[in-house]
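Novice: This is the structure I have questions about; it appears just below.
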Amino acid sequence: MPAPSTERRDQEREDLIAMLASQRELFRITLRGIDDAQARQRSTVSELTLGGLLHHLVHCEQLWTSVIVERDENSKLDVSQFDSEYRMAPEETVEGLLKEWDTLADNTTRLIREVDDLDVSIPTPTSPWGPERVWWTVRFTLLHIFREIAHHSGHADIIREALDGANSTYQRAG
């Protein structure tokens, strides 16, 4: 079977970039008009907050893009950081985290365009729940980032609606 054309490979990369950007934007819509105090406020029985979810998504994208770049066959997830993974630190702000995410999104876009091959297998970090090394393709790793954003966008929408009745669908339309 012949290799896909360069044009087709480039289109796939641009599609990945567009889908990640679209999902990030949907999450950002959920944060419209939210101040730092609201971002830290629990609105359900869950410990999750809008700021905590934003903090997690920034960290998640940083982690998985570094996995793609570093390809470290000895990496392990640092679970000691998990206690604060879903919390917006006292010194963090929604605005600051969004700026950090913007910079990260630019870096991810550049990575997608420049990475050698979306089909190459890369080692993922081991963890207590996954002690055996697993290898994912670069594509699968990027789709994992997408899944994380999509997954937590649903959480964010519920939290926002419980805070003040707003949700991303109505905010997007308005």
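The values are calculated or read from the model by the stated rules, or taken from the named source; none is laboratory data. None of the values given here were measured: they were computed from a predicted structure. Neighbour counts are summed over all protein chains in view; Cβ atoms, including those assigned to glycine, are modelled from backbone coordinates with ideal geometry. Note: accessible area is taken over every heavy atom of the protein model, side chains too, but ligands, DNA and RNA are not part of it. Shrake-Rupley method; radii C 1.70, N 1.55, O 1.52, S 1.80 Å.
Novice: Of the heavy-atom accessible surface of the chain (probe 1.4 angstrom), what whole percent is carbon and sulfur?
Specialist: Taking all protein chains in place, the chain shows 52 percent carbon and sulfur surface.
Novice: Once you list every other residue whose beta carbon is under 10 Å from the beta carbon of Leu104, what net charge do they have if Lys and Arg are +1 and Asp and Glu are -1?
Specialist: Net charge in that neighbourhood comes out at -2.
Novice: First measure r as the distance between the Cβ atoms of Thr93 and Ala162, then evaluate 1/(1 + (r/R0)^6) with R0 = 30 Å and state the FRET efficiency to the nearest 0.05.
Specialist: 0.85
Novice: Can you give the direction-averaged projected area of the convex hull of the alpha-carbon atoms in the range 1-157, in nm²?
Specialist: 10.6
Novice: Could you tell me how many cubic angstrom of Cα convex hull volume the range 4-96 has per residue?
Specialist: About 147 Å³ per residue, rounded to a whole number.
Novice: So, one more: Rounded to the nearest Å, what's the spacing between the alpha carbon centres of the range 26-76 and the range 102-159? Just the number, please.
Specialist: 13
Novice: Contour minus end-to-end for Asp15 and Arg133, with contour as 0.36 nm per residue of separation and end-to-end as the Cα-Cα distance?
Specialist: Contour length minus the Cα-Cα distance gives 39.6 nm.
Novice: Relative contact order of the chain: what whole-number percent is it, with Cα pairs under 8 angstrom and at least 6 residues apart?
Specialist: Computed over the chain, the figure is 34 percent.
Novice: Might you tell me the accessible area per residue for the chain, computed with a 1.4 Å probe and given in Å²?
Specialist: I get 57 Å² per residue for the chain.
Novice: Additional query: Determine the shape class of the range 1-47: with a ≥ b ≥ c the square roots of the Cα gyration tensor eigenvalues, call it rounded for a/c under 1.5, and otherwise prolate if a/b is greater than b/c, oblate otherwise.
Specialist: prolate
Novice: Related question: Taking one equal scatterer on every alpha-carbon of the range 71-174, how large is log10 of I(q)/I(0) by Debye at q = 0.20, 0.21, 0.24 1/Å?
Specialist: Cα-only, vacuum Debye calculation for the range 71-174: -1.32, -1.35, -1.38.
Novice: Sticking with this one: Report the FRET efficiency, 1/(1 + (r/R0)^6), for Asp106 and Leu77, where r is their Cβ-Cβ distance and R0 is 35 Å, rounded to 0.05.
Specialist: After rounding, the FRET efficiency stands at 0.90.
Novice: Further question on the same structure: On a full-extension model of 0.36 nm per residue, what is the gain between Arg147 and Glu47, subtracting their alpha-carbon distance, rounded to one decimal in nm?
Specialist: Result: 33.9 nm gained on full extension.
Novice: Please give the contour-minus-distance gain from Arg32 to Thr6: 0.36 nm per residue of separation, less the Cα-Cα distance, rounded to one decimal in nm.
Specialist: 5.5 nm
Novice: Here's something else I'd like to know. Tell me what the chain gives for mean residue ellipticity at 222 nm when only DSSP H runs of n ≥ 4 count, each as -39,500 (n - 2.57), the sum divided by the residue total, rounded to 500 deg cm²/dmol.
Specialist: -20500 deg cm²/dmol
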